[in-house]
Amino acid sequence: MAKEYETVIGLEVHVELATKTKIFCGCSTAFGGAPNTHTCPVCTGMPGSLPVLNKKVLEYAVAVGLATNCDITRYSKFDRKNYFYPDNPQNYQISQLYLPICRNGHVDIDTAGGKKQIRIHEIHMEEDAGKLIHDEWNDTSLVDYNRSGVPLIEIVSEPDMRSADEVIAYLEKLRMTIQYLGASDCKLNEGSMRADVNLSVREVGSQKLGTRTEMKNINSFKAIQHAIEGERQRQIEELEEGREVIQETRRWDDNKESSRPMRSKEDAQDYRYFPDPDLTPIVISDEFLAKIKSQEPEMQDAKIARYQKEFDLPEYDAQIITSVKKMADFFEDTVALGANPKKVSNWLMGETMRLQKEKGMDQDQIPFSPENLASLIALTEDGSINSSVAKEVFEQVFADDVDPKQYVEEHGLKSMNDEGALRGIVEEKIAANPKAVEDYRGGKKKAIGAIVGQVMKETKGKADPGTVNKLIKEILG
Amino acid sequence: MANVISDETMEYVGILAKLELTGEEKENARKDLEKMLDYVDKLNELDVSGVEPMSHIFPVNNVFREDEVTNGDGSKDTMANAPAQKDNQFIVPKTIG
Ligand SMILES: [Zn+2]
C-alpha cells in the first residue's frame, strides 16, 4: 500500500509598512522615484552615519502584534545580520534576532474542518534591501537604493499549516488584519507582502518533522498554491526513491512553475548576528501599549456583525463589503450621507465591482466620491431617474466622478413621470400596434410589452416603465 | 589555555569576510584571532551570573524620530560614491536572481 504523506508548512511573511519615511532615516518611501533619488548616507550605509528609529514603525509593529494576540516584548533591541550582497550597502541588515518586538501570538483561520489556530512564533522589525536589475546589454547588474531602508515587519509562523488552502487562509487573515490597522496595503503582486514558504513532508501519524526546504520569491496566491503542491510532490518523490530531502533554499520560478535550488554561496547561513550599537534599546511602557490598543480600529468580524444589526444588511453583503477596508470605509461614508444602506451595498457589490474588474482595477480603488453615489441613489429613490438611466449615469460617475444631478439635467435624462406628457405617446403607440392590442384583449397580458418597449424607445429610455404600464392598461380598459 | 585555530576555520572566516589572504597574512591573522579568543577565555573566568547582557554602552532608551520626510533628492551625493554608474544606478558584477 502506498504511504500517505502529510505536508507541514510554516511561513515567513514580510510586510512593507505604510510609513512616509524609511525606518532609520528621513528619506521618502514613495514608490516610483527615479533611481537613487530617495537615498542618504544612512540608507546607503556610509561610515559614520547614524540610524534613528522611525516611531511610526514601532507603533505599527506593536499594533500588528496586539491584533495577532502576541506578547509585546517590553525590552527590545536591534541586531545586525551580516552578509555581503550588492543590494545591502552596509554589509549588514538591521533586524531583530535576540529580542524581537512581538512573540507567541496566534490567529484563527477558517478551514474546511472548522476554525483552526495558527501560532505566530514572532514578529520583528527590519529594513528592506535595495533593488537589483540585470543589465542584459552589458551583462552586469544595476543597483537602486530607493528601497534600501524601507521598513518591514517579518511575521514568522509556527509550522502549523497542512495545505495550500490553509496557507492562503492564513495569508488572507494577516492581510485583512494589517489592512484594517492601516499598517500596510499588503499587496502580494506589488511586493508589499511577500511570503517565504518552509515546507516538509512526513508520513501521516509521524510526530517527527521532516527536513524542510524554504521557497522564496512567491508573489501571488496562485503561485503559492502551485509552489506548495509542486514542492510536496518533489519531496515525496525524493523519499519514495530512497533519497533524502536536502535542507536548502529554493527559488520559485513563476513562469516555469517549478523551483530550483539557489546557489549555495548565496545561501551561507552564517550571519554572525550581534546587537547594533548605533540604535538604543526600546522600552515599551504601559502608556505606550494602552495608546496603541486604544487606536485599534473596528476589525472585520465586528463590522460584519454591526452592519447586519445596524443597517439590516444581509451577512453575505456585509462580508463582501468588509473584505476590503477601503470599501467598508466608503460604504460607511455613503450611508452617513443618508443613503439607504442596502442600495449602497448593491451599487458597490454590483456595478462598482463589475467596472473595477472590467478595467483591471483593485477593489480598494474606488474612483468616485461617497457624495456622488449618495446623490445618484437619491435620484433613483425620488423617481427622478429610472434604473436603466441610473446605470448609465453611474458609468459616468465611475469614469469621471460626475455630479449625477447635474449630469441628469444637462443630458435631459429625467424620468418622464408626467402622465399628461406620456399619455399622447402611449395613445400613438397603441394605435400603431393593433395586433398587440388584440392579443392583450384576447388574454395575452404580456402582449403590451411591445407597446411599452416602443414608448421607452420613443422617450429614449426616460419614461417610467411603471407609469407607462399603468397608462396602457387604463386606456385599453 | 592557548587557542588553536584550524586551517579550515581560517579559510571559512576568510570566505565570510570576503578576504583573500597571502600565506603570511593568514598566519598573522591566525595569531591575532587566537589572542582574541584567549582574551575571551579570560573574560569567561568571571562570574557574571545575574548580570544582564549589555546591548548599548549608554544608559539611553527610546531614541525615535517622527515619520516626516526630511531628506530631498540625495542621488547626486549618493552617486558620487559609485566607481561605475549607468542611468543613476551603481554598476556591480552580475548577480544571479
Ligand atoms: Zn535615507
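Which net charge results when you count Lys and Arg as +1 and Asp and Glu as -1 among the other residues whose beta-carbon is under 12 Å from that of residue A:389?
+1
Return the loop-located GluC sites (Glu not before Pro) in the range A:207-298 (DSSP other than H, G, I, E, B) with at most 16 other Cβ atoms within 10 Å of their own Cβ; answer none if there are none. Intermediate values should be presented prior to the final figure.
Numbers: sites: A:214, A:229, A:231, A:237, A:238, A:240, A:241, A:244, A:248, A:257, A:266, A:287, A:298; in loops: A:241, A:244, A:248, A:257, A:298.
Loop-located and lightly packed - A:241, A:244, A:248, A:257, A:298.
How big is the dipole moment of the range A:419-476 about its Cα centre under a simple scheme where the beta carbon of each Lys and Arg is +1, that of each Asp and Glu is -1, and everything else is neutral? Debye, nearest 20, please.
Using Cβ point charges on Lys, Arg, Asp and Glu, the range A:419-476 gives about 220 debye.
Which Cys in the protein assembly as shown stand alone, with every other cysteine's Cβ at 4.7 Å or more from theirs?
A:25, A:27, A:40, A:43, A:186
Helix B:23-44 sits at what angle to the longest principal axis of chain B, using alpha carbons and giving 0 to 90 degrees rounded to 10?
Approximately 70 degrees, to the nearest ten.
Hey, if you put +1 on the Cβ of every Lys and Arg and -1 on every Asp and Glu Cβ in the range A:5-288, which of A:100, A:176, A:262 ends up farthest toward the positive end of that dipole?
Of A:100, A:176, A:262, it is A:100.
Among A:84, A:50, A:64, pick out the residue whose Cα is farthest towards the positive end of the charge dipole of the range A:5-288, where Lys and Arg carry +1 and Asp and Glu carry -1 on C-beta, about the Cα centre.
A:50
Suppose each label sits 7 Å from its Cα in the direction of the beta carbon; what would the residue A:237-residue A:381 distance come out to in nanometres?
It works out to 6.1 nm between the two label points.
At a 1.4 Å probe radius, carbon and sulfur cover how many percent of the accessible area of the protein assembly as shown?
That fraction is 51 percent.
Roughly how many debye, to the nearest 20, is the charge dipole of chain B about its Cα centre, given +1 on each Lys and Arg Cβ, -1 on each Asp and Glu Cβ, and no other charges?
380 debye
With a ≥ b ≥ c the root eigenvalues of the C-alpha gyration tensor of the range A:5-288, is it rounded (a/c under 1.5), prolate (a/b larger than b/c) or oblate?
Numbers: a/c = 1.76, a/b = 1.28, b/c = 1.37.
Oblate shape, in that a/c is at least 1.5 and b/c is the bigger or equal ratio.
Please express the Cα-Cα pair-distance distribution P(r) of the range A:419-476 as a list of whole percents, one per 10 Å bin, running from 0 to the bin with the greatest distance.
25, 61, 13
What total accessible area, in Å², is buried where chains B and A meet, using a 1.4 Å probe and rounding to the nearest 100? Walk me through the intermediate numbers first.
Working: alone 9660 and 24310 Å², together 30150 Å².
Summed over both sides, the interface buries about 3800 Å².
Please turn the phi angles of the range A:460-468 into ³J(HN,Hα) values with the Karplus equation 6.51 cos²θ - 1.76 cosθ + 1.60 (θ = phi - 60°), one per residue in order, whole Hz, x for glycine and proline.
6, x, 8, 5, 7, x, x, 5, 4
Check cross-link reach from residue B:94 to the aspartates and glutamates: straight Cα distance under 18 Å, and skip same-chain residues fewer than eight apart.
Counting by Cα, and skipping residues close in sequence, residue B:94 has these aspartates and glutamates nearby: A:87, A:135, A:136, A:139, A:144, A:266, A:267.
How many Å³ per residue does the convex hull of the Cα positions in the range A:164-310 occupy? Walk me through the numbers before you get to the answer.
Details: hull volume 32.5 nm³, N = 147.
Cα-based convex hull of the range A:164-310, divided per residue, equals 221 Å³.
For chain B, divide the Cα radius of gyration by the Kirkwood radius and give the resulting Rg/Rh value with two decimals. All intermediate terms of the calculation are to be shown ahead of the outcome.
Numbers: Rg = 22.3 Å, Rh = 19.4 Å.
Here the Rg-to-Rh quotient is 1.15.
To the nearest 10 degrees, how steeply does helix A:325-336 sit against the main Cα axis of chain A, on a 0 to 90 scale?
Roughly 40 degrees, rounded to the nearest 10.
On the first, second and third principal axes, largest extent first, how far apart are the outermost C-alpha atoms of the range A:316-472 in Å?
57, 32, 28
With a probe of 1.4 Å, find how much accessible area the protein assembly as shown has per residue, and write the answer as a whole number in Å². Let's see the in-between values first.
Numbers: 30150 Å² over 574 residues.
Heavy-atom SASA per residue in the protein assembly as shown reads 53 Å².
Considering only the other residues whose Cβ falls under 13 Å of the Cβ of residue A:188, what net charge follows from Lys and Arg at +1 and Asp and Glu at -1?
-3
On each of the three principal axes of the Cα atoms of the protein assembly as shown, give max minus min coordinate, whole Å, ordered largest first.
The principal-axis extents, from largest down, are 117, 67, 57 Å.
Points 7 angstrom from Cα along the Cβ direction at residue A:294 and residue A:158: gap in nanometres?
Roughly 3.4 nm, to one decimal.
Can you work out the FRET efficiency for the pair residue B:31 and residue A:84, with r the C-beta to C-beta distance and R0 = 25 Å, to the nearest 0.05?
Working: r = 25 Å, r/R0 = 1.01.
Given R0 = 25 Å and the Cβ-Cβ separation, E is 0.50.
Once you charge only the Cβ atoms, +1 for Lys and Arg and -1 for Asp and Glu, what is the size of the charge dipole of the protein assembly as shown about its Cα centre, to the nearest 20 debye?
Dipole of the protein assembly as shown, to the nearest 20 debye: 1760 debye.
In the structure shown, do any of A:391/A:445; A:309/A:446; A:173/A:391 have a Cα-Cα gap over 30 Å, and if so which?
Checking Cα-Cα distances, A:309/A:446; A:173/A:391 exceed 30 Å.
Gap in Å between the Cα centre of the range A:398-475 and the Cα centre of the range A:302-372?
32 Å
The values are calculated or read from the model by the stated rules, or taken from the named source; none is laboratory data. What you are looking at is a predicted structure, and each value in this text was computed from that prediction instead of being measured. Every residue, glycine among them, receives a Cβ derived from its backbone with ideal geometry; neighbour counts consider all protein chains shown. Ligands, DNA and RNA are stripped out before the accessible areas are found, and what is left, the full protein with its side chains, is counted by its heavy atoms. Shrake-Rupley method; radii C 1.70, N 1.55, O 1.52, S 1.80 Å.
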